[in-house]
1. Being closer than 18 Å to Leu150 by Cα and surrounded by fewer than 16 Cβ atoms within 10 Å (Cβ to Cβ) is true for just one of Ala36, Ala29. Which residue is that?
2. How many residues does the stretch 107-159 hold that are surrounded by fewer than 15 Cβ atoms within 10 Å (Cβ to Cβ), of a type in the set (A, V, I, L, M) and modelled with pLDDT under 85?
3. So the check is Cβ under 9 Å with 6+ separation or different chains; which pairs have a first residue in the stretch 16-42 that's part of a helix (DSSP H, G or I) and a second one that's among the acidic types (Asp, Glu) and surrounded by 11 or more Cβ atoms within 10 Å (Cβ to Cβ)?
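The values are calculated or read from the model by the stated rules, or taken from the named source; none is laboratory data. Because the structure is predicted, anything quoted here is derived from the model rather than measured. Reconstructed Cβ throughout: ideal geometry from the backbone, glycine too, with neighbour counts over all protein chains shown.
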Amino acid sequence: MAGLSLEAWKSWKQAQQKYDYFMVGLSTALFAYIGAKFAPEPLSFSQNTFEMLSLTFLLISIITGILRLESDLSIQSINLKKIEAQEKLDAVNKILNIPGRSMNSDTGNEITSFEALKRQSELKEFVSRAGKGLDKIGRKSEKLFSVRNLTLFFALLLLIVSKFVSLLILFHAK
């Protein structure tokens with residue numbers, strides 16, 4: 001059962017990463033396309049102003065998308081370190097349950113109960129802090145996800161509005 005859960009998680013994680021890269025790539029491509037033909041003009045009720053606002057939202061989408069990718073890498077790194085620490089903590093707990101002297105699996109030397117208790121305390125503290133750090137970065141990543149998607153949505157909406165504004169101005173000019 002654990003193997004299936006791990007495979008499902010790997011599949012989900014790969015899909016999530018592909019989606020994140022796609023969204024950042026889409027925002028960047030739109031930014032480059034619109035920015036290449038953009039010529040600044042004074043602010044007014046015009047197509048140019050709405051395109052400038054669209055470019056601004058696309059830039060925010062790109063930045064938050066990159067920050068989300070970075071936070072995802074941090075989550076994976078911290079989670080790996082937490083899992084390694086938890087495995088070491090499990091080994092130390094086994095050592096503490098065996099009477100007498102035991103072998104340290106990391107160094108191959110003998111380890112006393114005092115040393116094992118000290119190591120147990122350090123590892124428990126690290127696992128606890130890592131869990132809190134993962135929660136904090138996870139909440140940040142969720143916020144970045146929302147901001148990235150909302151800014152991309154508003155950028156596309158403003159781009160569409162800019163085309164209608166252009167038509168409206170042409171219609172009123174006649």
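1. Ala29
2. Residues flagged as surrounded by fewer than 15 Cβ atoms within 10 Å (Cβ to Cβ), of a type in the set (A, V, I, L, M) and modelled with pLDDT under 85 within the stretch 107-159 amount to 1.
3. Gln16/Asp72; Gln17/Asp72; Asp20/Asp72; Ile34/Glu51; Lys37/Glu51
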